[in-house]
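Data block below; observations after.
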């Protein structure tokens, strides 16, 4: 099976959660949005999104095509892939727990995004900067520690398996948490350097994931996109006080 | 099986998406947050949330307990319940499509919530009203029609089965869309009365769902909580211009 990932070119964005699972598992995939061409593949993503080839319209990328099956939304795609790529235990309770954690990460990512876009996605950051400063202040003081403490607590209560979020082995949720923490270090370096000393299990998990051979190779490849100020995780110093 | 739903008392909130599926299917359940008692059951929800009885801590309700299995997040709970309550086709492609639609509704609900809380969940509405007016303006002009048009398009491209979002039969996603549209009519009556004439399939779906016998009985029972200004869908006239 060669998977096809449809996601906008130029930003790691939500597509990166899918890429990390595919890369970690050594799966074959085509990153359609990054096809060579004048538009960098964006047209192919846009056409697919609107349902031309597939019947069903999807609201937003990422979308994964796996043979005849088409799956959209990060948590949905990862749930589908994880069983096939051995990135989640097969029993129902573990899969439901993993999916619940992934959906908490989904909510966390949306809140991270909205620190720089509290008024509207179609407005430039510069036109909502004052509100962003206000929103980011509450985010850094309350929401960021609340989410990070939660994941630390999940590790601490995992029956002695503090290296993993789910059960006794590496899973796709570990990969997604790695991506979120890495993005937060990029976007909020001051806040993260203040908070991380109190989060030893979470930082150990991020280290462990970064050292997995295929992940390490991927992170230094040109397939890995740098964080930038068009994506979810943006470094605006005025939001990181 | 008697299901136990853990959700805060006093608001329909995200718990309502779960209630609608249980009610529509005629499933037996206890709404733990509404247990009689001085605190209205809130303590039982809070204790369960923090993992006392169940081992794993959860980030937020709703949480469903089904025997030994514990599932959190609306989309995760509904995915689990739907197979058992005959509220989704059993094949993998349909389930992935249904879950993707539900996750689009999840995102939509978060955006609806943030119209009245653009700066932070821990601040009162009155302390972020100016930003809320700005955010709601973009929501009503762009995001609301974009989401609603999307669901209308999903119905229009469903192979002639325009009464249903998924396949050829009623599903849990129809119930959730009913709840979102009903909430929007409460919160944004002016905007919705302007938009709905262009959304005939969506409004027909909402009518159809409201007339299902168990849903109709539920909606007039005291188990159904009214929308109010503590929930997701709040009617603030200044946000509905």
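Each value in this text was obtained by applying a stated rule to the coordinates, not by laboratory testing. Everything quoted here is computed from the prediction, not taken from an experiment. No Cβ is skipped: glycine too gets one built from the backbone with ideal geometry, and neighbour counts run over all protein chains shown.
Using a 7 Å projection from Cα along Cα-to-Cβ, the label point at residue A:228 is separated from the same position in the remaining copies by 4.9 nm, smallest value first. Rounded if a/c is under 1.5, else prolate if a/b is larger than b/c, else oblate: which is the stretch A:3-84, with a ≥ b ≥ c the root eigenvalues of its Cα gyration tensor? Note, shape of the stretch A:3-84 comes out oblate.
Sorted from shortest to longest, the distances between the residue B:133 label points of this copy and the other copies are 2.1 nm, with each point 7 Å from Cα along the line through the beta carbon.
Sorting the segments B:59-67, A:120-128 by their residues' average number of neighbouring beta-carbon atoms within 10 angstrom, most packed first, yields B:59-67, A:120-128. Remark: the stretch B:1-155 is approximated by an ellipsoid whose semi-axes, taken from the C-alpha gyration tensor as √(5λ), come to 28, 24, 12 Å, largest first.
Looking only at B:77, B:119, B:11, which one moves most when chain B is put into a Gaussian network model with springs between Cα atoms under 10 Å? Most flexible of the set in this elastic network: B:119. Averaged over the residues of A:132-142, the number of partner chain Cβ atoms lying within 10 Å of the residue Cβ comes to 3.
Its Kirkwood hydrodynamic radius, worked out from the mean inverse distance over all distinct Cα pairs, puts the protein assembly as shown at 23.1 Å. Position residue B:39: other-copy label points at 5.6 nm, ordered by increasing distance, label point 7 Å along Cα→C-beta. For the residues B:223, B:19, B:185, a GNM of chain B with alpha-carbon springs under 10 Å puts the largest fluctuation on B:223. On the beta carbon distance between residue B:208 and residue A:193, with R0 = 51 Å, the FRET formula returns roughly 0.40. Neighbouring Cβ atoms from other chains, within 10 Å of the Cβ of residues in B:96-106, number 6 on average.
Protection proxy ranking, highest mean first, for peptides A:189-197, B:109-117: B:109-117, A:189-197, where packing is the per-residue count of other beta-carbon atoms within 10 Å, averaged. Subtracting the Cα-Cα distance of residue A:47 and residue A:121 from their residue separation scaled by 0.36 nm leaves 24.5 nm. Per-residue mean of foreign Cβ neighbours for A:67-73 is 5 (Cβ atoms of other chains, 10 Å radius). For chain A, the 222 nm mean residue ellipticity estimated from helices alone, with every DSSP H stretch of n ≥ 4 adding -39500 (n - 2.57) and the total spread over all residues, rounds to -15000 deg cm²/dmol. Annotation: the residues A:144, B:165, B:69, sorted from fewest to most other C-beta atoms within 10 Å of their own C-beta, follow the order B:69, A:144, B:165.
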